[in-house]
1. Out of (1) out of contact with any strand residue (DSSP E or B) (no Cβ under 6 Å at 6 or more places or on another chain); (2) at pLDDT 95 or above; (3) within 16 Å of ligand 2 (Cβ to nearest atom), what's the single condition that is false for residue 194?
2. Can you go through 203, 175, 131 and tell me which one is within 15 Å of ligand 2 (Cβ to nearest atom) and farther than 30 Å from residue 334 by Cβ?
3. Mind checking which strands (runs of 3 or more DSSP E) fall wholly inside the range 271-367 and carry at least 1 residues that are over 30 Å from residue 134 (Cα atoms)?
4. Working carefully through the options 241, 281, 235, 287, find the one that is away from ligand 2 (no atom under 14 Å from the Cβ), touching a strand residue (DSSP E or B) at 6+ places or on another chain (Cβ under 7 Å) and not assigned by TED's automatic domain parsing to the domain that holds residue 81.
5. Those residues that are within 29 Å of residue 100 (Cα to Cα) and either in a loop (DSSP other than H, G, I, E, B) or without any contact (Cβ under 8 Å) to a residue 40 or more places away in the chain (or both), I need them from the range 187-208; list them, please.
6. Name the single residue, out of those in the range 258-269 being surrounded by 23 or more Cβ atoms within 10 Å (Cβ to Cβ) and outside any loop (DSSP other than H, G, I, E, B), that is farthest from ligand 1 (Cβ to nearest atom).
7. When the residues of the range 244-257 are narrowed to those that are touching a residue at least 40 places away in the same chain (Cβ under 8 Å) and surrounded by fewer than 21 Cβ atoms within 10 Å (Cβ to Cβ), which ends up nearest to ligand 1 (Cβ to nearest atom)?
8. For the range 194-210, how many residues meet the condition of being within 12 Å of ligand 1 (Cβ to nearest atom) and crowded, with 19+ Cβ neighbours inside 10 Å?
Ligand code: PLP
Ligand code: COI
C-alpha cells in the first residue's frame, strides 16, 4: 500500500449541504486572524492493516466520531503538518513546497510508528480541499488559506503498542497575521522547561511536542511575551527553537546563522527555504550551535545586528527582545525589524505569491 499513487486513489465528493452563509463568510475573510475559522469542507482518508489507505473523501467539515478508547486519546499517536495555499498575482491558486511537507509528514509518521501516506496522495488531498474551498481565501492583504493535514490513531485498544487503524484529515483555515499584536518585532521568553531531548520526538511534528510546550507558552504570554524560546535539554545552553518557529541570527559581517538540525529541532521548510535564498543572495549561512550567553554578549557588542523567527504560520518575524528569567532582558539591534530580515522575507513572499521568478521550483500551481 505504501506505493499507492494519487492516480490510484479516488476521492468521493460530497458538497456541504449548508455551507456558511456568504455574507458571514465574507465578513470573516476580511479579518481572519489565525486558526479561528474553518472552511466548509475537509478531506478524510482511512487506513487499516487489511485495506491500507482507502475511503478518500472530500466532504462537509464535521465533528469526528471517536471511540473513547481510541489510541490517540490515551497515547497521543498524532502527527500534523501546516502549509499554505496562496493566490498568485495572476489569480492562480498555488501551494508552496507541498512535497516537502509530505516528506516531513512521513518522517513524523515513522517516528510515531504510524503508516506513511504516499507523498502524491498527501499533495492531492491538499489540492482537492483548496479546489473545494477556494472561496474561503481571505481578502485581507497578505492573507492565505492555511492547510492543516493530520493523522491520528483511532483504534479502540488500551494496550500500549502502535495502533492498527488511523485517519488522515485535511482541514483549511483562512489566515491573516499569526501574531495578534501586529507589532513590528516580537519579544521572546527563554524557558527553563525543555521541549525535546536527544532521542525524543523533537524533530517530528507530533501533537505531543506541542502539549509539552503549552505551560512554557502560557508562561511567556502571562509575562507579556509573544513566544517561548527553548534551549537544549542536556546543557540548557544552546538555542534550539521557538514553540512554533525556527530561529535565525544576522551578524555585522552580513553572515547568518541558524541552529543546526540536531534531532531535537523541527526541520522547518521555511528555514530550509531561507537558507537557500540567503545563499542565492551571496550571504554566508552557517548551521551551527549558538548559546544564549553568546547571543546576549553579541547583542551587547553589536556583533549581532538582527534576529528573526520563521515558520509557515509566522512567515518571517523579527525578534526585538529576549528575556531570560535569570539574567533579565536584552535587546537586539534597534529592537525593531532589520534590513536583512526584511529582504529575505520579501524574497520569500514574492516567490510564494508569484511576484518573482521561482528559481528553485517551489511553487506548485493548482489550477
Ligand atoms: N518549529 C516548530 C516547533 C514549528 O511548529 C514550526 C511550524 O511548523 C516550525 C519550526 C517551522 O516550520 P515550517 O517552516 O515548516 O512551517
Ligand atoms: C506552522 O507554522 O504551520 C505551525 O505549525 C506553527 C504553529 C501554528 C503550530
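1. (3) is the only condition that residue 194 fails.
2. On the way: 175 fails: farther than 30 Å from residue 334 by Cβ; 131 fails: within 15 Å of ligand 2 (Cβ to nearest atom).
After ruling out the rest, the residue left standing is 203.
3. Values: elements: 285-288, 304-311, 315-324, 328-331, 363-365.
Here the list reads 285-288, 304-311, 315-324, 328-331.
4. Numbers: 241 fails: away from ligand 2 (no atom under 14 Å from the Cβ); 281 fails: touching a strand residue (DSSP E or B) at 6+ places or on another chain (Cβ under 7 Å); 235 fails: touching a strand residue (DSSP E or B) at 6+ places or on another chain (Cβ under 7 Å).
One residue alone meets the criteria, 287.
5. Taking the range 187-208 as the starting set, the residues that turn out to be within 29 Å of residue 100 (Cα to Cα) are 188, 194-208.
Result: 194, 195, 196, 197, 198, 199, 200, 201, 202, 203, 204, 205.
6. This residue is 258.
7. Within the range 244-257, the first condition is being touching a residue at least 40 places away in the same chain (Cβ under 8 Å), and the residues that meet it are 244-252, 254, 256.
With surrounded by fewer than 21 Cβ atoms within 10 Å (Cβ to Cβ) added as a condition, the list becomes 244, 251-252, 254.
On the way: 244: 4, 251: 22, 252: 26, 254: 23 Å.
That would be 244.
8. Final tally of qualifying residues: 9.
The values are calculated or read from the model by the stated rules, or taken from the named source; none is laboratory data. The structure displayed is predicted, hence computed values, not measured ones. Counting neighbours? That spans all protein chains shown, and the Cβs are built from the backbone with ideal geometry, glycine included.
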